[in-house]
Amino acid sequence: MRVLRPFAAAAALLALAACGKSACEQLGNRICSCEATSLQDSCNNAVKNQLSTQSPSSADEASCQALLATCLGSDSPGFCDTIKTPAGKVACGEAWTASP
């Protein structure tokens with residue numbers, strides 16, 4: 001059981017680190033994870049800069065939170081291919097959906 005403690009602590013720290021980011025930043029970072037490795041840092045910085053200059057409202061954050069549930073993470077098989085499709089773009093908030 002002692003062997004698992006470092007892993008549990010690391011998992012807890014990762015979970016806490018994610019708490020420091022807004023839902024919109026997490027969503028942006030998730031999308032940036034599909035960029036070429038050499039571009040991911042600049043993509044993540046662009047997300048952070050845009051959020052700091054535009055200050056998302058609580059409604060924006062709620063929308064981002066909802067999109068996090070539908071926009072599968074980069075650890076999901078085929079995620080980066082999926083967000084290139086129309087359905088994937090809608091699921092991740094990169095496309096407008098038609099109004100009913």
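Number of residues in the range 29-65 that are among the basic types (Lys, Arg) and over 19 Å from Ala91 (Cβ atoms): the value is 1. Taken over the range 57-83, the residue count meeting the criterion of being over 15 Å from Ile31 (Cα atoms) and modelled with pLDDT under 90 is 0.
The numbered conditions (1) assigned to a helix (DSSP H, G or I); (2) within 13 Å of the chain's Cα centre (by Cα); (3) of a type in the set (S, T, N, Q) are all true for Ser74 except (1).
The values are calculated or read from the model by the stated rules, or taken from the named source; none is laboratory data. Treat the numbers as computed from the prediction; the structure is a model and nothing was measured. A quick note on method: Cβ atoms are made from the backbone with ideal geometry, for glycine too, and the neighbour counts reach across all protein chains shown.
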